[in-house]
Amino acid sequence: MKIPFDIDLNNNVAVVTGAGGVLCSMFAKAIAQCGAKVALLDRNIENAQQYADDIVAEGLIAKAYKVDVLDKASLEQARVQINADLGSCDLLINGAGGNHPRATTTNEYYLEGDLDKDIATFFNLDPKGVEFVFNLNFLGTLIPSQVFAVDMLGKEDASIINISSMNAYTPLTKIPAYSGAKAAISNFTQWLAVHFSKTGIRVNAMAPGFFVTKQNHQLLYNDDGTPTPRTAKILDNTPMGRFGEEEELIGTLLFLLAKPASSFINGVVIPVDGGFSAYSGV
Ligand code: NAD
C-alpha cells in the first residue's frame, strides 16, 4: 500500500476494532506499515486472522483477537492478551460499526397508502433493529474506549480515532438509526476529547463520504457497469463528481493519529468526502 507521507509509529501499539472489515483491515495495514504493532480486533476472527496474516507476511507486526465490542469482558480479556503479546495500547481506532436492515425503511419518502403495503415504513421500524444499530455504533465506540484508554493514561502521544459518517451531518434517507448513531459518535468524539484533554489522550474522528467497496458495488452499479439511480444522486451531490478510493482515507487517519502531525488537534471530525458535506445541492 502506498502511504501518502512518512509517519513514524515505531514503538506504538495500535488497537483497531472492526479490523476484519473492509476499511479497518486497510487501516490496520497502513498503521503497521508505519511501524506500529497492530492488534486486529473483530467478532469475525477468521477475517481478522486472515488480515493479520497478510500483514505479518509483509514482515510487519500484527495479531488478531476475537472480541465483541459490546462485551466489556471480552475486550478486557483481549487487553490483557495484547499487553502480554505486543505491549500497552497507545493508539485506538474504533472502527466496528454498521447498519441493520430492520432499522431501514424501504422507501425514501412516506407516501399515502404505504401503511397498507408490505414494506418497511417509519411506523413499523423494529425498535430492536434500531437498538442494535445504536448499540453497535455508539456503545461499540464507547466501551472499547473505556477499556483501552486505561493503557493510554499518562502517555504523551496517545490517540483515539472514531469513525463517523456523512449521515452524521445530515441524515441519509432510509437509515434513521445509523444516521443518529453516527451523529452520536461525532458528538461523543467532542465529549471525550474534552474529558481527556488533561491526560494527553487526543480524540478525533473521520467522516468518510461515499466509497465503492466490494460490498456496496452492486448497490451502486448495474451489471453492465452503468450507475444505479442512487449512484447518480450521490455523484450529483459530490462536487468532485466521483466516489472516493478507500486509500484516500489513509492520509487523514495517519495525520490525526500521529502527534507530530496533529498535536494541537483535538475533538474534530474530518469529512473525507469530495465536498459532499459542504454542498447544499444548489
Ligand atoms: P465492514 O462491515 O466491512 O466492517 C465492519 C467490521 O466490524 C466487520 O468485520 C464486523 O465483523 C465487525 N463487527 C461488527 N459488529 C461487531 C461487534 N459487535 N464486535 C466486534 N466486531 C464487530 O464495514 P466497513 O465498510 O469497513 O466500515 C468500517 C467503519 O466505517 C464502520 O464504522 C462504518 O460504519 C464506517 N463507515 C463506512 C463507510 C463506507 O463507505 N464503507 C462510510 C462511512 C462510515
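The values are calculated or read from the model by the stated rules, or taken from the named source; none is laboratory data. Predicted model, so just to flag it, every value in this text is computed and none were measured. Using ideal geometry, Cβ is built from the backbone for each residue, glycine included, and neighbour counts are taken over all protein chains shown. Just the protein is used for accessible areas: all its heavy atoms, side chains included, with ligands, DNA and RNA removed. Shrake-Rupley method; radii C 1.70, N 1.55, O 1.52, S 1.80 Å.
Give the residues of the range 68-87 that are more than 16 Å from the ligand (Cβ to nearest atom) and surrounded by 15 or more Cβ atoms within 10 Å (Cβ to Cβ), sorted by residue number. Explain how you work it out, then say what you get.
Residues of the range 68-87 more than 16 Å from the ligand (Cβ to nearest atom): 80, 83-87.
If the condition is that a residue be more than 16 Å from the ligand (Cβ to nearest atom) and surrounded by 15 or more Cβ atoms within 10 Å (Cβ to Cβ), then LEU86 is the only one that fits.
When the range 182-233 is examined, which residues are found to be of a type in the set (Gly, Ala, Ser), within 16 Å of the ligand (Cβ to nearest atom) and in a loop (DSSP other than H, G, I, E, B)? Reasoning before the result, please.
Kept after step one, since they are of a type in the set (Gly, Ala, Ser), are these residues of the range 182-233: 183-184, 186, 193, 197, 200, 205, 207, 209, 225, 232.
From the residues that got through so far, the ones that are within 16 Å of the ligand (Cβ to nearest atom) too are 183-184, 186, 205, 207, 209.
GLY209, the sole residue that qualifies.
Give the residues of the range 86-120 that are free of Cβ contacts under 8 Å to residues at least 24 places away in the same chain and among the acidic types (Asp, Glu), sorted by residue number. Break it down into steps so the answer makes sense when it comes.
Step one: of the range 86-120, the residues free of Cβ contacts under 8 Å to residues at least 24 places away in the same chain are 110-120.
Matches in the range 86-120: GLU112, ASP114, ASP116, ASP118.
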Residues that are more than 16 Å from the ligand (Cβ to nearest atom), open to solvent by less than 10 Å² (accessible area, probe 1.4 Å) and over 19 Å from ALA84 (Cβ atoms), drawn from the range 1-29: LEU9
Candidate set: the range 228-282, residues that are open to solvent by 60 Å² or more (accessible area, probe 1.4 Å) and hydroxyl-bearing (Ser, Thr, Tyr); chosen: the one nearest to PHE27 (Cα to Cα): SER263
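Hey, could you check the range 127-172 for residues that are in a loop (DSSP other than H, G, I, E, B) and among the small types (Gly, Ala, Ser) and say which is farthest from ASN99 (Cα to Cα)? Can you show your working first?
First pass over the range 127-172, keeping only residues in a loop (DSSP other than H, G, I, E, B): 153-157, 164-165, 169-172.
Those still in the list that are among the small types (Gly, Ala, Ser) too: 154, 164-165.
Numbers: GLY154: 35, SER164: 13, SER165: 12 Å.
Residue satisfying both the conditions and the ranking: GLY154.
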